[in-house]
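Peer 1: Sending over a structure as structure tokens; questions will come in a sec.
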Ligand code: HEM
């Protein structure tokens with residue numbers, strides 16, 4: 001019997017919706033291009049009968065869905081990427097032959113992926129963790145990847161220990177938790193037996209490990225690399241990325257709450273900034289030094305647990321990295337991008353850092369598995385943007401095999417058909433370093449000082465920052481069940497700083513006397529504090545890129561709100577209106593103002609500063625709204641600047657802080673006070689408050 005063709009939603013016998021291709025809307029097809037007539041129903045013997053095996057459309061759709069997931073990265077699984085460019089300031093031909101540095105003003109396309117290390121792909125952004133900062137530069141001489149972190153040193157010195165480090169940091173194997181946290185026995189057990197990790201631990205327990213956003217953190221290549229000139233002369237180099245918006249982190253109590261309120265806080269921040277045209281920017285800084293400096297430096301430049309203080313080798317800023325485009329598709333770009341320390345270009349070379357050399361193997365190896373075969377370099381996000389010619393072929397998913405008859409060399413075919421050929425002039429040449437020695441499985445004695453730079457980092461922090469490090473250690477170690485591990489960590493801290501060890505000992509309630517761990521090299525106390533290592537000593541002095549949460553209710557003063565909006569925009573900051581309902585409020589002049597957030601869904605931890613603009617009647621209603629009171633209490637406790645109108649005063653009463661208002665709480669009584677409020681916001685936080693409001 002001939003059946004009626006279903007052409008409109010009305011014709012659907014089961015009540016399901018059919019959306020039909022008309023006009024220029026493309027027709028849905030299978031992967032093979034066969035047009036589809038019905039994407040709502042499988043092929044059955046009668047509407048209630050069994051599904052038939054010849055339903056190729058159903059089978060293809062399910063087959064493809066079944067294979068959508070690929071393995072997540074073994075580390076740095078959670079990440080977020082964006083496109084941009086690197087712009088070179090001036091020719092660096094005298095220090096490197098790297099093509100992107102030869103011409104002033106030249107732009108090189110870039111792709112950057114930020115990440116956390118330990119958490120799985122779906123973990124929350126504000127985990128206490130190192131952040132990955134991986135940059136792919138699509139140069140005219142091939143792709144150059146600077147695969148770095150937001151911390152300039154690392155936990156371990158030799159690649160041999162990387163699998164152990166990662167096993168210990170990730171969820172414990174028997175129970176599968178905790179996720180994205182180092183606050184557990186396995187991590188601290190391992191660390192307590194690896195004194196080389198102590199410098200990194202100081203950084204990881206500092207506020208560097210809970211950044212306000214990717215836009216507010218530094219990046220570091222970590223290892224010592226080489227720059228090589230066209231004449232074959234080499235110098236060592238360390239890479240730094242310096243954020244234009246300055247450094248900023250959140251407090252631990254905020255981090256914990258942000259993870260609940262918006263687990264995508266960092267990725268949303270980057271996405272919103274780029275989409276609104278406020279393009280994040282970093283300057284590339286170089287620390288350049290020669291063999292002579294390397295020899296006289298207190299530590300081994302091949303040891304990734306050490307840094308070179310900026311006071312000893314100043315940073316030369318040579319260009320800027322701008323992120324100006326979000327990805328079109330998260331999977332195709334951010335998930336499939338494959339960074340590798342191995343990807344370098346003429347003019348750049350490796351040093352003998354044993355951690356770096358292990359990485360050079362590991363990335364390519366893992367990506368063969370993660371991306372399903374040896375052809376992942378041909379995925380558009382990974383492919384070079386310069387011409388490339390080689391004789392590699394076939395393998396899974398070979399998309400672009402070389403054309404022509406000749407796939408070997410040398411060959412006797414003349415001209416273009418015989419190519420590609422090698423180029424002694426233009427091709428990559430490794431720096432001709434002189435190497436000698438016995439083949440040994442041995443750590444250099446020059447790597448043996450495990451505590452001196454940990455101490456230097458600690459004494460470079462302000463008392464507030466030192467307090468945060470102590471608090472973080474107490475928090476993490478309080479989650480460790482085995483008391484012997486806690487005590488072992490304290491024994492290492494005793495080699496770093498007595499007051500730190502004392503604070504952690506009392507924070508953990510340890511009663512027995514702990515002796516300092518035996519140190520293979522005694523801690524140096526002559527290393528001077530380095531200002532560059534502190535966030536607080538390098539305040540951003542700008543409110544650009546920050547966000548103000550403004551609480552409004554019916555009856556809000558429209559003139560004041562408009563003024564606040566104008567001044568915030570003038571600073572390059574953004575505003576979000578937080579109201580009892582997302583539908584918005586009616587202002588004092590009778591106009592409707594839509595809100596961005598409902599108050600319970602947007603706690604103040606999501607903002608850098610807050611303003612409270614309720615009407616009197618609105619404030620009375622907010623007094624009964626627990627989320628509103630918590631909003632205020634947290635903003636105060638997290639040392640944020642608070643702008644407020646007199647009608648908000650009862651809310652401070654209700655929150656129990658009316659008597660504590662300080663210089664960071666600014667009444668918005670006039671246009672001048674709005675300017676004063678936003679001027680103060682340039683300091684980002686009113687830290688003076690912290691000692692009275694500890695969480
Ligand atoms: C021997 C030490 C190390 C080994 C064996 C290692 C190995 C790996 C592996 C296997 C991945 C996953 C790559 C992928 O699936 O695409 C990865 C990712 C990453 N690693 Fe390492 N890693 C080491 C040390 C470091 C250090 C010292 C840094 C920082 C300087 C670092 C930064 C990164 C970053 C940023 C990513 C994420 C790249 C992305 O966004 O796709 N790693 N690492």
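Yes/no per residue for (1) surrounded by fewer than 22 Cβ atoms within 10 Å (Cβ to Cβ); (2) under 30 Å from residue 635 (Cβ atoms); (3) in contact (Cβ under 8 Å) with a residue 24 or more places away in the chain:
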residue	(1), (2), (3)
259	yes, yes, yes
279	yes, yes, yes
300	yes, no, yes
314	yes, no, yes
318	yes, no, yes
323	no, yes, yes
332	yes, no, yes
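Peer 1: Here is a follow-up. Which one is nearest to residue 162 (Cα to Cα), of the residues in the stretch 65-84 that are more than 10 Å from the ligand (Cβ to nearest atom) and under 18 Å from the mean Cα position of the chain (by Cα)?
Peer 2: Filtering the stretch 65-84 for residues that are more than 10 Å from the ligand (Cβ to nearest atom) and under 18 Å from the mean Cα position of the chain (by Cα), the one nearest to residue 162 (Cα to Cα) comes out as 82.
Peer 1: Where in the stretch 518-621 are there strands (runs of 3 or more DSSP E), lying fully within it, with 3 or more residues that are within 30 Å of residue 462 (Cβ to Cβ)?
Peer 2: Details: elements: 547-552, 574-579, 609-613.
Strands (runs of 3 or more DSSP E) meeting the threshold: 547-552, 609-613.
Peer 1: Being within 16 Å of the ligand (Cβ to nearest atom), touching a helix residue (DSSP H, G or I) at 6+ places or on another chain (Cβ under 6 Å) and not in a strand (DSSP E or B), is that true of even one residue in the stretch 102-115?
Peer 2: Looking through the stretch 102-115, none of the residues is within 16 Å of the ligand (Cβ to nearest atom), touching a helix residue (DSSP H, G or I) at 6+ places or on another chain (Cβ under 6 Å) and not in a strand (DSSP E or B).
Peer 1: Additional query: Write out, first by first residue and then by second, each pair whose Cβ atoms fall under 6 Å of each other, whose residues are 6+ apart or on separate chains, and whose first residue, in the stretch 338-350, is modelled with pLDDT of 95 or more while the second is in a loop (DSSP other than H, G, I, E, B) and within 15 Å of the ligand (Cβ to nearest atom).
Peer 2: So the pair list comes out as 338/382.
Peer 1: Spot the failing condition for residue 164; the list is (1) surrounded by fewer than 17 Cβ atoms within 10 Å (Cβ to Cβ); (2) near the ligand (Cβ under 9 Å from one of its atoms); (3) under 17 Å from residue 192 (Cα atoms), and only one is missed.
Peer 2: (2)
Peer 1: Filter the stretch 366-379 for residues that are away from the ligand (no atom under 11 Å from the Cβ), closer than 22 Å to residue 77 by Cβ and either within 24 Å of the chain's Cα centre (by Cα) or not in a loop (DSSP other than H, G, I, E, B) (or both) and give the result.
Peer 2: Of everything in the stretch 366-379, those that are away from the ligand (no atom under 11 Å from the Cβ), closer than 22 Å to residue 77 by Cβ and either within 24 Å of the chain's Cα centre (by Cα) or not in a loop (DSSP other than H, G, I, E, B) (or both) turn out to be 377, 379.
Peer 1: Could you list, in sequence order, all residues of the stretch 650-672 that are in a helix (DSSP H, G or I), surrounded by 15 or more Cβ atoms within 10 Å (Cβ to Cβ) and free of Cβ contacts under 8 Å to residues at least 24 places away in the same chain?
Peer 2: If the condition is that a residue be in a helix (DSSP H, G or I), surrounded by 15 or more Cβ atoms within 10 Å (Cβ to Cβ) and free of Cβ contacts under 8 Å to residues at least 24 places away in the same chain, then 652 is the only one that fits.
Peer 1: Would you be able to say whether some residue in the stretch 117-130 is near the ligand (Cβ under 10 Å from one of its atoms), under 19 Å from the mean Cα position of the chain (by Cα), touching a residue at least 24 places away in the same chain (Cβ under 8 Å) and crowded, with 22+ Cβ neighbours inside 10 Å?
Peer 2: yes
A quick yes/no check of all residues on (1) within 21 Å of the chain's Cα centre (by Cα); (2) within 12 Å of the ligand (Cβ to nearest atom); (3) part of a loop (DSSP other than H, G, I, E, B):
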| residue | (1), (2), (3) |
| --- | --- |
| 312 | no, no, yes |
| 328 | yes, no, yes |
| 333 | yes, yes, no |
| 339 | yes, yes, yes |
| 355 | no, yes, no |
| 360 | no, yes, no |
| 364 | no, yes, no |
| 382 | yes, yes, yes |
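Peer 1: Would you check if there is a residue in the stretch 627-641 being more than 19 Å from residue 257 (Cα to Cα) and surrounded by fewer than 18 Cβ atoms within 10 Å (Cβ to Cβ)? Lay out the reasoning, then the answer.
Peer 2: The initial filter retains those residues of the stretch 627-641 that are more than 19 Å from residue 257 (Cα to Cα), namely none.
There is no residue in the stretch 627-641 that is more than 19 Å from residue 257 (Cα to Cα) and surrounded by fewer than 18 Cβ atoms within 10 Å (Cβ to Cβ).
Peer 1: Going by the conditions given, is residue 85 touching a residue at least 40 places away in the same chain (Cβ under 8 Å), assigned to a strand (DSSP E or B) and surrounded by 23 or more Cβ atoms within 10 Å (Cβ to Cβ)?
Peer 2: In short, no.
Peer 1: Within the stretch 150-175, track down each residue that is closer than 17 Å to residue 304 by Cα, out of contact with any strand residue (DSSP E or B) (no Cβ under 9 Å at 6 or more places or on another chain) and part of a loop (DSSP other than H, G, I, E, B).
Peer 2: 154, 155, 156, 157, 158
Peer 1: Residues 612, 606, 577: which one is in contact (Cβ under 8 Å) with a residue 60 or more places away in the chain, closer than 27 Å to residue 683 by Cα and touching a strand residue (DSSP E or B) at 6+ places or on another chain (Cβ under 6 Å)? Spell out how you get there, then give the answer.
Peer 2: Numbers: 606 fails: touching a strand residue (DSSP E or B) at 6+ places or on another chain (Cβ under 6 Å); 577 fails: in contact (Cβ under 8 Å) with a residue 60 or more places away in the chain.
From the options 612, 606, 577, the qualifying one is 612.
Peer 1: For residue 33, indicate whether it is in a loop (DSSP other than H, G, I, E, B) and at pLDDT 95 or above.
Peer 2: When the stated conditions are applied, residue 33 passes them.
Peer 1: Let me ask another. Could you please let me know if residue 292 is within 16 Å of the ligand (Cβ to nearest atom) and either without any contact (Cβ under 8 Å) to a residue 24 or more places away in the chain or more than 16 Å from residue 110 (Cβ to Cβ) (or both)?
Peer 2: Criteria not met by residue 292.
Peer 1: Scanning for something in a loop (DSSP other than H, G, I, E, B), more than 16 Å from the ligand (Cβ to nearest atom) and on the phi > 0 side of the Ramachandran plot, does the stretch 225-241 turn up at least one residue?
Peer 2: Yes: the stretch 225-241 contains one or more residues that are in a loop (DSSP other than H, G, I, E, B), more than 16 Å from the ligand (Cβ to nearest atom) and on the phi > 0 side of the Ramachandran plot.
Peer 1: Sticking with this one: Give 90, 72, 106 a once-over and let me know the one that is loosely packed, with under 13 Cβ neighbours inside 10 Å, farther than 30 Å from residue 450 by Cβ and in contact (Cβ under 8 Å) with a residue 12 or more places away in the chain. Please lay out each step first, then the result.
Peer 2: Working: 72 fails: loosely packed, with under 13 Cβ neighbours inside 10 Å; 106 fails: loosely packed, with under 13 Cβ neighbours inside 10 Å.
Result of the check over 90, 72, 106: 90.
Peer 1: Would you mind telling me which numbered condition in (1) more than 23 Å from the chain's Cα centre (by Cα); (2) closer than 27 Å to residue 224 by Cβ residue 175 fails?
Peer 2: Just one mismatch for residue 175, condition (2).
The values are calculated or read from the model by the stated rules, or taken from the named source; none is laboratory data. Quick caveat, the model's predicted, so the values are computed rather than measured. Positions of Cβ are generated from backbone atoms using ideal geometry, with glycine treated the same way; all protein chains shown enter the neighbour counts.
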